[in-house]
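These notes are about the structure you will find just below.
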2 protein chains.
Amino acid sequence: MNPQAEPVCDEPHAHRRDRRKPSVDEATLGRAAELFAALGDPPRLRLLALLAQGPACVSDLAEDEQEGMSTISQRLKVLRSASLVRRRRQGKHVIYALADQHVVDLVFNALAHASEAQVVGKPKE
Amino acid sequence: MNPQAEPVCDEPHAHRRDRRKPSVDEATLGRAAELFAALGDPPRLRLLALLAQGPACVSDLAEDEQEGMSTISQRLKVLRSASLVRRRRQGKHVIYALADQHVVDLVFNALAHASEAQVVGKPKE
DNA sequence: TCATCGGTTCAATGATTAATGAATTGATGA
DNA sequence: TCATCAATTCATTAATCATTGAACCGATGA
């Protein structure tokens, strides 16, 4: 009575759900989540967008963001422990830069996707 | 005396930092951050990995994860408001699935990257 | 209509996490 | 060595977020 494409659920609870195996190991999943979590904060993501324009030292970033150096340093610490940025000393200054091209792509892709999208609007219910 | 690739900083604070323009608008950045934040939690990411194997209803996901339905439902709510998953009703059940291929790619890429990596280890200092 | 089942929402609680200023470290130049 | 400047760390406080069970909603079948 319902020969459609999607499988029907006439049995009491039969969604074609054969037991799923543990798809990914926890360690991998944890690292991926940590990476996403580091990206999932507007101030930190803005910092990355800034670094995408080129390396910069902490005080310059602090000036751009109009925040204290302590605050910026803490944000960079999170990004660094997720391996998203690198740092090197240069005299009194510490220069930060995006870790690699992969990160650059990740940031740009996310921003591009986020600026498109929103066409359909997200479901409110 | 130092004709290398990286610009040198001999002036008191000259890192080739011409004033940066506001690279991205806040709204876009905010949406991108929300998306990352939704992905940045191991239990939620695990849920997505599970859904990457195919659609499933809440009670099955709850069983797989050995959690209450309320907990799973809340997690799905976060994923849904970030437009990462879709849902449809099927009789008494509500079936969740990844929103689109883009999300599938995103999840797989992240997991792939997280399982490679770690080769160099993250900087402890 | 009523009872039941799957799912969601609500409100309270506990746990993470970000921001902030003070103290500290490290490098430079006097 | 000392003073200074850039940056980090530390400890406190505030804010955010995840979890949980109870109440509620919506579809189904008796």
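Can you tell me which residues in the stretch B:19-42 are within 23 Å of B:Val104 (Cβ to Cβ) and either more than 12 Å from DNA strand C (Cβ to nearest atom) or small (Gly, Ala, Ser) (or both)? Residues satisfying the conditions are B:Thr28, B:Arg31, B:Ala32, B:Ala33, B:Glu34, B:Leu35, B:Ala37, B:Ala38, B:Leu39, B:Gly40. The residue list B:Ala49, B:Ala62 contains one member that is more than 13 Å from DNA strand D (Cβ to nearest atom) and in a helix (DSSP H, G or I), which is B:Ala49.
Applying the set (1) under 30 Å from B:Phe108 (Cβ atoms); (2) within 14 Å of DNA strand C (Cβ to nearest atom); (3) in contact (Cβ under 8 Å) with a residue 12 or more places away in the chain to A:Tyr96 leaves exactly one unmet item: (2). Screening A:Ala62 against (1) facing chain B (nearest Cβ under 9 Å); (2) within 12 Å of DNA strand C (Cβ to nearest atom); (3) at pLDDT 95 or above leaves a single unmet condition, (1).
Taken together, the residues in the stretch B:74-91 that are under 23 Å from B:Ala32 (Cα atoms) and either touching a helix residue (DSSP H, G or I) at 6+ places or on another chain (Cβ under 6 Å) or not in a helix (DSSP H, G or I) (or both) amount to 9.
The values are calculated or read from the model by the stated rules, or taken from the named source; none is laboratory data. All figures in this text were calculated on a predicted structure; none of them were measured in a lab. When we count neighbours, we look across all protein chains shown, and the Cβ atoms used for this are built from the backbone with ideal geometry, even at glycine.
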